[in-house]
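Report on the following structure.
The values are calculated or read from the model by the stated rules, or taken from the named source; none is laboratory data. Note that this is a predicted model, so its numbers are computed, not measured. Glycine gets a Cβ as well: all are built from the backbone with ideal geometry, and neighbour counts include every protein chain shown.
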Amino acid sequence: MKKIFLLAASLIIYSLSVHAQKIDSVYYLLDTAKTPIRDRMWEIGIEVPFKYYTVLCPCLKYNNQLTFAHKIGETGKMYKNINLMRLTTLPDLISKAKKHVDNGFNGYTFFLIEHSGKSYVVYKVGIVPPKDNKPSIDYENIKKPR
């Protein structure tokens with residue numbers, strides 16, 4: 001599982017470097033402190049060397065969850081005020097992420113914003129490629145005994 005995550009995360013980094021010519025930037029304020037615990041839809045964790053943010057819903061093909069990630073060593077940009085940023089809603093974020101994945105990871109650059117004391121930190125994140133659930137063909141030929 002850890003190897004799959006690391007492979008997927010390295011694909012994120014590759015896709016971020018290859019697809020630098022994005023069309024649109026998407027900013028989402030990840031404010032779990034003000035969201036009641038039972039209404040939180042995000043799982044935030046660390047799988048070295050990445051920090052990941054997973055939307056806890058089967059939003060993508062094959063009931064995969066939408067996961068964003070960035071390298072832990074990368075520092076985000078600090079902002080005192082984010083009122084000038086064009087923030088998106090969670091349904092719009094999910095919709096744009098689905099389009100982004102369906103278009104071969106083309107079309108959008110995603111930024112997640114977190115509180116840090118009295119200011120905000122903006123991280124450029126990539127989408128972890130969803131697991132492709134191709135059906136396996138598993139069969140065995142049984143010969144009739146003589």
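Taking (1) under 23 Å from CYS57 (Cβ atoms); (2) buried (at least 17 other Cβ atoms within 10 Å of the Cβ); (3) among the hydroxyl-bearing types (Ser, Thr, Tyr) in turn, TYR120 satisfies each apart from (1). Considering region 22-40, and only residues there that are surrounded by 13 or more Cβ atoms within 10 Å (Cβ to Cβ) and modelled with pLDDT of 75 or more, the residue that is farthest from the chain's Cα centre (by Cα) turns out to be THR32.
Condition check ((1) over 17 Å from ASP24 (Cα atoms); (2) touching a Pro at 6+ places or on another chain (Cβ under 9 Å); (3) surrounded by 10 or more Cβ atoms within 10 Å (Cβ to Cβ)) across all residues:
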residue: ILE44; (1), (2), (3): yes, no, yes
residue: GLN65; (1), (2), (3): yes, yes, yes
residue: ALA69; (1), (2), (3): yes, no, yes
residue: LEU93; (1), (2), (3): no, no, yes
residue: VAL101; (1), (2), (3): no, yes, yes
residue: PHE105; (1), (2), (3): no, yes, yes
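Filtering region 93-113 to residues that are of a type in the set (S, T, N, Q) and in contact (Cβ under 8 Å) with a residue 12 or more places away in the chain leaves ASN106, THR109. Is one or more of the residues making up region 130-143 modelled with pLDDT under 90 and of a type in the set (Val, Ile, Thr)? Yes, there is a match, as at least one residue in region 130-143 is modelled with pLDDT under 90 and of a type in the set (Val, Ile, Thr). Of all residues in region 114-131, those that are in contact (Cβ under 8 Å) with a residue 12 or more places away in the chain have Cβ atoms under 8 Å from Cβ atoms of residues that are among the acidic types (Asp, Glu) and in a strand (DSSP E or B), 6 or more apart or on another chain, in TYR120/GLU114; VAL121/GLU114; TYR123/GLU114. Looking only at residues of region 95-129 that are within 16 Å of PHE50 (Cα to Cα) and part of a loop (DSSP other than H, G, I, E, B), we find that the one that is modelled with the lowest pLDDT is PRO129. Considering region 49-76, and only residues there that are part of a loop (DSSP other than H, G, I, E, B) and within 19 Å of PHE105 (Cβ to Cβ), the residue that is modelled with the highest pLDDT turns out to be GLN65.
Does SER17 satisfy being assigned to a helix (DSSP H, G or I) and either at pLDDT below 80 or not aromatic (Phe, Trp, Tyr) (or both)?
Details: assigned to a helix (DSSP H, G or I): yes; either at pLDDT below 80 or not aromatic (Phe, Trp, Tyr) (or both): yes.
Here the answer is yes, as SER17 does meet what is asked.
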